[in-house]
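Student: Please find one structure pasted underneath; my questions will follow.
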Amino acid sequence: MISVSDLTLTYPSGKGVFDLDFSVAEGSVAGYLGPNGAGKTTTIRALLGFMRPDSGKCLIDGMDCSAEASQIQHRLGYLPGEIAFPDGMDGVELLTLLSALRGTRNGGRRQELLDMFELDPKGKIRKFSKGMKQKLAIVAAFMHDPDVLVLDEPSSGLDPLMQHRLMELIFAQKAQGKTILMSSHVFEEVEKVCDSVLIIKEGRLVAQSDVGSLMGSQRKLFVLTVADPAEATRLLEAEGFPAMLQSSGQLEVAVPGEQVDRFVKTAAKLQVLNLDAKHQTLEDIFIGYYGKGGSGQ
């Protein structure tokens, strides 16, 4: 449903995105991860037809995002990371205007979303709190029942209850076969709802995989409590398992996925008092790509 091929789009500063290749299958949710300035928003601008690529193509359901942007807009819902509403307009006027521009009249869907997020859209938007503005933007993005959704930091400004409702909404859209590209810094959200993950660094993709495979391919983190930490450190390092001594006296060992069996057999030679396996989150993996060497390993 979303296809990006050989996409390069640069700014006068030399920054931008370079040779991006990825796709998002119909009915799936893809997480797009990277720090500020990595190229996420530039990619989104190209997908929305706001910026024309230097080279390469962006397609949504086979339509060119630059040449056929107006047709795509009717089928696409967009939630920007930085929301800017028209000055002087109230919430009802904004939603009515967007419905008219899209040619949609599904007032029932709009009210359903307003009820879900407990939002009264009456009143000047400039007087809304950040959370209220985020809710209004969510309603605007979802109310025309789009086939494709591009969500940039969708839970920003929401309290925990509203974040939970947003995740329920995204799950429901996925169940209906909608296609979603979601940029987020909330790794727990990405783990919960995304089928695949794209990690971008300095304008280039450094990883793209389904969530399970990406996490399974990374190192496993073990915490050892042993009778003799010094002896354990020597043995583990001799076997190629560098151990980090914690202030608690425990040893933390990062083990490549394919080496777990050998590590366990090595640890069995020690007097082990306790062994814990730490769950590695997408945040750990993400930091790995932005740490020393940026290899993710």
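The values are calculated or read from the model by the stated rules, or taken from the named source; none is laboratory data. Note that this is a predicted model, so its numbers are computed, not measured. Using ideal geometry, Cβ is built from the backbone for each residue, glycine included, and neighbour counts are taken over all protein chains shown.
Student: Here's a check for you: in segment 187-207, which residue that is touching a Ser or Thr at 6+ places or on another chain (Cβ under 8 Å) and surrounded by fewer than 17 Cβ atoms within 10 Å (Cβ to Cβ) is modelled with the highest pLDDT? Steps first, answer last, please.
Tutor: Start the filter on segment 187-207 by keeping residues that are touching a Ser or Thr at 6+ places or on another chain (Cβ under 8 Å), which leaves 187-191, 195-197, 200, 203.
If we keep only those that are surrounded by fewer than 17 Cβ atoms within 10 Å (Cβ to Cβ) as well, we get 188, 191, 195.
On the way: 188: 82, 191: 84, 195: 93.
In this case the residue turns out to be 195.
Student: Counting only residues that are in contact with a helix residue (DSSP H, G or I) (Cβ under 8 Å, 6 or more places away or on another chain) and part of a helix (DSSP H, G or I), which one in segment 210-231 is surrounded by the fewest Cβ atoms within 10 Å (Cβ to Cβ)?
Tutor: Residue satisfying both the conditions and the ranking: 216.
Student: Can you pull out every residue in segment 122-143 that is in contact with a strand residue (DSSP E or B) (Cβ under 7 Å, 6 or more places away or on another chain), crowded, with 20+ Cβ neighbours inside 10 Å and not aliphatic (A, V, I, L, M)?
Tutor: Result: 142, single match.
Student: Give the number of residues within segment 59-89 that are loosely packed, with under 14 Cβ neighbours inside 10 Å and of a type in the set (Asp, Glu).
Tutor: 2
Student: Within segment 118-133, can you find the residues that are touching a Leu at 6+ places or on another chain (Cβ under 8 Å) and not in a helix (DSSP H, G or I)?
Tutor: Matches in segment 118-133: 119, 120, 121, 128.
Student: May I pose another question? Return yes or no: is residue 116 hydrophobic (A, V, I, L, M, F, W, C) and farther than 22 Å from residue 189 by Cβ?
Tutor: Judged against the criteria, residue 116 is not a match.
Student: Can residue 172 be described as out of contact with any strand residue (DSSP E or B) (no Cβ under 7 Å at 6 or more places or on another chain), within 12 Å of residue 77 (Cα to Cα), small (Gly, Ala, Ser) and assigned by TED's automatic domain parsing to the domain that holds residue 32? If you could, list the steps in order and put the result at the bottom.
Tutor: Values: out of contact with any strand residue (DSSP E or B) (no Cβ under 7 Å at 6 or more places or on another chain): yes; within 12 Å of residue 77 (Cα to Cα): no; small (Gly, Ala, Ser): yes; assigned by TED's automatic domain parsing to the domain that holds residue 32: yes.
Criteria not met by residue 172.
Student: On to the next question. Which residue pairs have Cβ atoms under 6 Å apart, sit 6 or more places apart or on different chains, and have a first residue in segment 137-148 that is closer than 13 Å to residue 98 by Cα and a second that is in a loop (DSSP other than H, G, I, E, B) and of a type in the set (A, V, I, L, M, F, W, C)?
Tutor: If the second residue must be in a loop (DSSP other than H, G, I, E, B) and of a type in the set (A, V, I, L, M, F, W, C), the pairs left are 137/83.
Student: Moving on. From the list 252, 283, which residue is closer than 26 Å to residue 192 by Cβ and either within 19 Å of the chain's Cα centre (by Cα) or modelled with pLDDT of 85 or more (or both)? Before the answer, list the steps.
Tutor: Numbers: 252 fails: closer than 26 Å to residue 192 by Cβ.
Of the residues listed, the single one that is closer than 26 Å to residue 192 by Cβ and either within 19 Å of the chain's Cα centre (by Cα) or modelled with pLDDT of 85 or more (or both) is 283.
Student: Is it true that some residue in segment 21-36 is more than 20 Å from the chain's Cα centre (by Cα), exposed (fewer than 14 other Cβ atoms within 10 Å of the Cβ) and assigned to a loop (DSSP other than H, G, I, E, B)? Show your work before the answer.
Tutor: Let us first name the residues in segment 21-36 that are more than 20 Å from the chain's Cα centre (by Cα), namely none.
No, because not a single residue in segment 21-36 is more than 20 Å from the chain's Cα centre (by Cα), exposed (fewer than 14 other Cβ atoms within 10 Å of the Cβ) and assigned to a loop (DSSP other than H, G, I, E, B).
Student: State all residues of segment 239-252 that are closer than 12 Å to residue 229 by Cα and in contact with a strand residue (DSSP E or B) (Cβ under 7 Å, 6 or more places away or on another chain); if no residue qualifies, say none. Write out each step before concluding.
Tutor: Of the residues in segment 239-252, the ones closer than 12 Å to residue 229 by Cα are 243-252.
Across segment 239-252, the qualifying residues are 243, 244, 245, 246, 250, 251, 252.
Student: Let me ask you something else. Give the residues of segment 99-118 that are surrounded by 15 or more Cβ atoms within 10 Å (Cβ to Cβ) and farther than 21 Å from residue 162 by Cβ, sorted by residue number.
Tutor: Residues satisfying the conditions are 99, 102, 104.
Student: Mind checking which residues of segment 204-243 are under 30 Å from residue 6 (Cα atoms) and of a type in the set (D, E, K, R)?
Tutor: 204, 210
Student: Would you point out the residue of segment 59-109, among those that are touching a strand residue (DSSP E or B) at 6+ places or on another chain (Cβ under 7 Å) and assigned to a helix (DSSP H, G or I), that is nearest to residue 138 (Cα to Cα)?
Tutor: Filtering first and then ranking leaves 72.
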